[in-house]
Structure formats: C-alpha cells, structure tokens
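J.: Below you will find the structure I want to go over with you.
The values are calculated or read from the model by the stated rules, or taken from the named source; none is laboratory data. Please read all numbers here as calculations on a predicted model, not as lab measurements. Every residue, glycine as well, gets a Cβ built from its backbone with ideal geometry; the counts of neighbours run over all protein chains shown. With ligands, DNA and RNA removed, areas are computed over all heavy atoms of the protein, side chains included. Shrake-Rupley method; radii C 1.70, N 1.55, O 1.52, S 1.80 Å.
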Amino acid sequence: MKVAVFSTKSYDKEYLDRFNTANTTQLTYFDASLNADTVILSKGHDCVCLFVNDKAHRETMAELSGNGIQLIALRCAGFNNVDLAAAVKNNIRVVRVPAYSPEAVAEHAVALILTLNRKTHKAYNRVRESNFSLEKLVGFNLYGKTAGVIGTGRIGQAFCRIMLGFGCNVIAYDSFPSGEMKKAGVLYCELDDVLRQSDIISLHCPLVPETHHLINKTAFSKMKKGVMLINSSRGAVINTPDAIDALKDEQLGYLGIDVYEQEEKLFFKDLSEKIIPDEMIGRLISFPNVLITSHQGFFTREALEQIAIISMKNISDFQNKLPLENEVKG
Ligand code: NAD
C-alpha cells in the first residue's frame, strides 16, 4: 500500500514512522497541503493521508480517483475539508481518527481561558523586563461563574468535567444531551439560554452547515457584555468580522481562538519574515484581549501517538479488506 502523506511536519513523520510496523505500507511524505495544484503528487499512490487544512473538494476528488487513490486516511477528527458525496461518487473511502485525546483539546481550551483571564502571557513578559507591577493584570475567579458549552461530544464533555472542577455552573447546548454529563451536574438548555447566561462560552461542535457562522452578530447581541468566547472547534463556526465588531463595541470582553476561518494560509507555517496579506488576523492580533494559537489544541505527545496508531490501523484494515470501524460515510 503506497500512502502519500500531505502537510507533513517533523512530528507527523516521527510518529507515523514509529507506528508503521506493517512492512507492506510505504509512506511518502510531502510538505505541501493537498489542493487542486498539488493533487498531482498523489499519482502512483493508493491512499492519501490528510490533515485539517488539506482540501479534498469535488474537483480534487475526481483527480485523486484518476491518480489511483482508493482511500483518504484523515489524521484528524473533523472531516469538513472532505467532500464526502464526491468521495462516494469516485469510489474513494474515507477514514478518520474520531477520538485521539479529547482531553488534549479540552485542556488547551482551558489554557486559553486561564491565560486570557489571569494574563500570565503578559506577566511573563513583564517580569522578564524587571517590571513587577500588577497594574492592569486583574482577572476574575472562575469559581461560581457560568461556563456555557456548545457541543458536548468527546471534547465538550472533557471540557465540562474540568470546568465543573473549577466550581463553575456548567450549562450546555447539544441536540443530543449526554446522560453522563447531566449526572455530573451539567444543565442542558436552549442555545439562546447558553448565549444569554454564560460568562464564558466554549465551542466544541463540529463545522457543519448548521454551525457555519453560528456565532454571528445576532448571537453576539444576545451574550452578556464582556463575555469570554473560546473556539477550539473550527474557525468558520465564528463569523470573524462580526467578532471584530463585537470586540470593538466591548460586547465581547475576551476572545481565545485555536482555529480561524482562513487558517489554511497561515497556521502551521513560520511566516515571521513574510508580509501577511490577511487583514483580519492582523486586526485580531492587535486587540489586547485576544489570544490566538495556531491549531495546537491536539498537540500533545499522547494525542500524536494515538493519531499515528489509529491512522496506521485504519490504513492496514483497508489493505487487509477488514471492516473500517472509523469510516466516514457520505
Ligand atoms: P464529537 O463528534 O464527539 O462531538 C461533537 C458534538 O457536537 C456532538 O455531541 C454533537 O451532537 C454536537 N453538535 C453537532 N451539531 C451541533 C450544533 N449545531 N450545536 C451544538 N452541538 C452540536 O466531536 P469532538 O471529538 O468532541 O470534536 C469536536 C470538534 O472539535 C471537531 O468536530 C473538530 O472540529 C474540533 N477539533 C479541534 C481540534 C484542535 O486541535 N483544535 C482537535 C480535534 C477536534
């Protein structure tokens, strides 16, 4: 089985090579992301292994099929970057890594909350310059605050457990409420109630047509003034221009994002010597109450290990004509 691995970083190669124990699987690594211009690289392979910003859209899918690709092995949970209907049409099966370490992402969302709130990133820089002043570093207690969670799947549930541990009132919106979370003390309510009542809102739903720009001007207008919004799901769940307006109006008090709608041109790359044409990211970076990380929620040793193990198993199951337990169906 010949596998073309797109969007390869040093850590992808390190972990995939470590867990590629089947002699029959040959991995070829490409730095490039998959798109209409780079799909040619898949020629001569049976499978492409993709990450969050590789785009397997309709036209690309037809070319993948023409190049002999029979399997798309996503090394991530989300599959919004793959046109599933086009995959079915082109007889390409799609597998993913549905759960590798929900705690990794949930803990990162909490890291964003704590950093934005207690301003440890600013304190670190101040102290390095021998500035020991506390002026403008004041935060708030999480204890007793209302944390609203949108989407209580694997990551959302791990997040709820942590916030309950802080002594927060945890309220949530999900069309499929979890009995376990209810027992743990999470109160399920309508989306509007989560928007209106929360001091902190954390997004953990997938990007699907119903959640595209779910957090827009109308949603911001329902939120408490000064609310903290955290997004570690997918960038397009938030309408970014509306978020910028809400920050300017001080309706949005804090914004922590690990994902960004236009991230594929930026994230995972060192652009420190480049001119960045994206005006919106520049505007976001300029706010003192915005914290951006470049899609690193998943980035723990434990998660990388699980991603590699499950990806290699998905590929070898396909090769051995076994049932594909992690198949995504269109
Ligand atoms: P999951 O499938 O276990 O849970 C998703 C939950 O969202 C489900 O309970 C579902 O019912 C709910 N949901 C669906 N539509 C909704 C809607 N319109 N409103 C509210 N809830 C809705 O997924 P997960 O493993 O918890 O992952 C959630 C998302 O996190 C993924 O789809 C992915 O986009 C993102 N993610 C980000 C990173 C990162 O590094 N930042 C890593 C992994 C996953």
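J.: Quote the convex hull volume per residue of the stretch 188-330, based on C-alpha atoms, as a whole number of Å³.
T.: Details: hull volume 23.4 nm³, N = 143.
It comes to 164 Å³ per residue, whole-number rounded.
J.: Calculate the length of the line joining the C-alpha centroid of the stretch 268-330 to that of the stretch 48-81, in whole Å.
T.: Between the Cα centre of the stretch 268-330 and that of the stretch 48-81, the gap is 14 Å.
J.: When a/c is below 1.5 the answer is rounded, else prolate if a/b is larger than b/c, else oblate, so apply that to the stretch 174-239 with a ≥ b ≥ c taken from the square roots of the Cα gyration tensor eigenvalues.
T.: Cα axes put the stretch 174-239 in the oblate bin.
J.: Short version: ³J(HN,Hα) in whole Hz for each residue of the stretch 191-202, in order, from phi by Karplus 6.51 cos²θ - 1.76 cosθ + 1.60 (θ = phi - 60°), x for Gly and Pro, what are they?
T.: Values per residue, Gly and Pro as x: 4, 4, 5, 4, 5, 6, 9, 7, 8, 10, 10, 10 Hz.
J.: Another one. Tell me the angle of helix 301-319 to the major Cα principal axis of the chain, expressed in degrees between 0 and 90 and rounded to the nearest ten.
T.: Approximately 30 degrees, to the nearest ten.
J.: On a 1.4 Å probe surface of the protein chains, which of 19, 79, 267 comes out largest in accessible area, and what is the full order?
T.: Details: 19 50, 79 75, 267 15 Å².
So, going from the largest accessible area down, we get 79, 19, 267.
J.: Taking amide H positions as placed 1.01 Å from N in the peptide plane, with prolines and chain starts having none, which residues 5 or more places from residue 201, or on another chain, fall under 5 Å of its amide H?
T.: 148, 228, 229, 230
J.: May I ask you to derive the relative contact order of the stretch 105-219, considering only C-alpha pairs under 8 Å and at least 6 residues apart, and to give it as an integer percent? Numbers along the way, then the final one.
T.: On the way: 151 pairs, mean separation 30.7, N = 115.
Over the stretch 105-219, the number comes to 27 percent.
J.: Could you give the angle, 0 to 90 degrees to the nearest 10, between helix 10-19's Cα long axis and the longest principal axis of the Cα atoms of the chain?
T.: 60 degrees
J.: Using 0.36 nm times the number of residues separating residue 127 and residue 294, minus their current alpha carbon distance, what extension gain do you get? Working shown, then result.
T.: Numbers: separation 167, 0.36 × 167 = 60.12 nm, distance 2.52 nm.
Difference between extended and current length: 57.6 nm.
J.: Go ahead and run the numbers for FRET between residue 62 and residue 176, Cβ-Cβ distance against an R0 of 45 Å, rounding to 0.05. Mind showing how you got there, number by number?
T.: On the way: r = 34 Å, r/R0 = 0.77.
Using R0 = 45 Å, I get an efficiency of 0.85.
J.: From the phi of every residue in the stretch 259-265, what ³J(HN,Hα) in whole Hz does the Karplus formula 6.51 cos²θ - 1.76 cosθ + 1.60 yield, where θ is phi - 60° and glycine or proline is x?
T.: Karplus values, whole Hz, x for Gly and Pro: 9, 8, 4, 9, 5, 5, 8.
J.: Using +1 on the beta carbon of Lys and Arg, -1 on that of Asp and Glu, and nothing else charged, what's the dipole of the stretch 10-127 about the Cα centre, debye to 20? Please report the intermediate quantities before stating the final value.
T.: Working: 13 positive and 12 negative charges, 102 e Å.
With Lys and Arg at +1 and Asp and Glu at -1, about 500 debye.
J.: How high is the relative contact order of the chain, in percent, with contacts defined as C-alpha pairs under 8 Å that are six or more residues apart? Intermediate results must be reported in sequence, preceding the final value.
T.: Working: 603 pairs, mean separation 57.4, N = 330.
Relative contact order comes out at 17 percent.
J.: For the stretch 203-320, calculate the relative contact order in percent as a whole number, restricting contacts to Cα pairs under 8 Å that are 6 or more residues apart. Walk me through the numbers before you get to the answer.
T.: On the way: 132 pairs, mean separation 27.3, N = 118.
This gives 23 percent for the stretch 203-320.
J.: Could you state the principal axis extents of the C-alpha atoms in the chain, from the largest down, to the nearest angstrom?
T.: Sorted from largest, the Cα extents of the chain read 60, 49, 35 Å.
J.: In sequence order, what are the phi-derived ³J(HN,Hα) couplings for the stretch 239-246 according to the Karplus relation 6.51 cos²θ - 1.76 cosθ + 1.60 with θ = phi - 60°, rounded to whole Hz, with x for glycine and proline?
T.: Values per residue, Gly and Pro as x: 7, 4, x, 5, 5, 5, 4, 5 Hz.
J.: Now, a different point. Quick one: dipole size for the stretch 199-292, taken about the Cα centre, charges +1 on Lys/Arg Cβ and -1 on Asp/Glu Cβ, in debye to the nearest 20.
T.: Around 220 debye, computed over the stretch 199-292.
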